[in-house]
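**Student:** I'd like to ask you about the structure that follows.
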Amino acid sequence: MLLTVVRHAESIENATKHTSFYQDPRPWDSPAAHALSRDLVGLTPRGYRQCQWLRAALDDLVGRDLHVYSSPYRRALDTVELALPGRPVDVTALLNEQHYGGATYMTKRELFATWPECEVDRQSRKHLWTPPEGGESLAVGVLRRATAFIEGLDGRAPAVVAMTHHTAILALRSVLERRPVTELVDKARVRKTPNAGVLVYELRGGHFHQAGSAEPDC
């Protein structure tokens, strides 16, 4: 079985986060900020071009006989619809972005002013930081979801595509590559998996092994 992990194409949040989404003070309350992130953030024109690239790249890397899973976030579903048109998709919260709870779309200054006790973990132990008001940590919550997703694959589909997000990819890689999440967090500080980036894993001998990767040229 091939498992292909894909980061959604570029969203308007990715492109304008420092000029629009992270205002200080934040113009939305926490529930509204999370709903905005989950339900309204769509793709940029560049994201549309990345979807066109993805359509050809996935065809070359893993073929057409695919079972598609996606996060329910709009930017992930839009990427599936444009890159894999007409295919049925299983929507699962196991592939969600990390839930930042009350900190969703807060700048660090606003976060630390509101919840000073967050500062040490957020600055030096980001993988362990649990955002306030219902958030989840990368090393516990997101990693638990990633593990459950991988363990739930039954192997009957020859190729699976998982359309997901940056933090979920860190957790999925930790499980698939059997590497500490801290190591992957450190690497992501230098360079994240790009929007529309593709990682392909092959199940052999009871373990997944990386079998390929691709990045958009647009």
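**Student:** Picking from Y48, Y69, Y22, Y73, which residue would you name as being within 20 Å of A196 (Cβ to Cβ), open to solvent by 60 Å² or more (accessible area, probe 1.4 Å) and of a type in the set (S, T, Y)?
**Tutor:** Residue meeting the stated conditions: Y48.
**Student:** Here is a further query. Can you find even one residue in region 69-77 that is within 21 Å of the chain's Cα centre (by Cα), closer than 23 Å to F21 by Cβ and charged (D, E, K, R)?
**Tutor:** Going residue by residue through region 69-77, those that are within 21 Å of the chain's Cα centre (by Cα) are 69-77.
If we keep only those that are closer than 23 Å to F21 by Cβ as well, we get 70-77.
From what is left, the residues that are charged (D, E, K, R) are 74-75.
Yes, because at least one residue in region 69-77 is within 21 Å of the chain's Cα centre (by Cα), closer than 23 Å to F21 by Cβ and charged (D, E, K, R).
**Student:** Restricted to region 124-149, and to residues that are open to solvent by 30 Å² or more (accessible area, probe 1.4 Å), part of a helix (DSSP H, G or I) and touching a helix residue (DSSP H, G or I) at 6+ places or on another chain (Cβ under 8 Å), which residue is nearest to D186 (Cα to Cα)? Give the derivation first.
**Tutor:** First, pick out the residues of region 124-149 that are open to solvent by 30 Å² or more (accessible area, probe 1.4 Å): 124-128, 130, 133-134, 136, 140, 143-145, 147-148.
Among the residues that remain, those that are also part of a helix (DSSP H, G or I) are: 124, 140, 143-145, 147-148.
Subset that is touching a helix residue (DSSP H, G or I) at 6+ places or on another chain (Cβ under 8 Å): 143, 145, 147-148.
Values: L143: 16, R145: 21, T147: 20, A148: 24 Å.
Within region 124-149, the match that is nearest to D186 (Cα to Cα) is L143.
Residue-by-condition table, conditions (1) over 23 Å from R55 (Cα atoms); (2) not aliphatic (A, V, I, L, M):
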| position | (1), (2) |
| --- | --- |
| A159 | no, no |
| H165 | no, yes |
| I169 | no, no |
| V175 | yes, no |
| E183 | yes, yes |
| N195 | no, yes |
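**Student:** Follow-up. When the residues of region 106-117 are narrowed to those that are without any contact (Cβ under 8 Å) to a residue 60 or more places away in the chain and out of contact with any helix residue (DSSP H, G or I) (no Cβ under 6 Å at 6 or more places or on another chain), which ends up surrounded by the most Cβ atoms within 10 Å (Cβ to Cβ)?
**Tutor:** Within region 106-117, the first condition is being without any contact (Cβ under 8 Å) to a residue 60 or more places away in the chain, and the residues that meet it are 108, 111-117.
Subset that is out of contact with any helix residue (DSSP H, G or I) (no Cβ under 6 Å at 6 or more places or on another chain): 108, 113-117.
Details: K108: 14, A113: 13, T114: 14, W115: 16, P116: 9, E117: 9.
Going through the qualifying residues, I end up with W115.
**Student:** Given the criteria touching a Phe, Trp or Tyr at 6+ places or on another chain (Cβ under 9 Å), touching a residue at least 12 places away in the same chain (Cβ under 8 Å), assigned to a helix (DSSP H, G or I) and not basic (K, R), does L94 qualify?
**Tutor:** Numbers: touching a Phe, Trp or Tyr at 6+ places or on another chain (Cβ under 9 Å): yes; touching a residue at least 12 places away in the same chain (Cβ under 8 Å): yes; assigned to a helix (DSSP H, G or I): yes; not basic (K, R): yes.
Taking the combined requirement at face value, the residue satisfies it.
The values are calculated or read from the model by the stated rules, or taken from the named source; none is laboratory data. Given the structure is predicted, the values throughout are model-derived calculations rather than measurements. All Cβ positions, glycine included, derive from the backbone under ideal geometry; neighbour counts span all protein chains shown. Remember, those area values only see protein heavy atoms, side chains included, never the ligands or the DNA or RNA. Shrake-Rupley method; radii C 1.70, N 1.55, O 1.52, S 1.80 Å.
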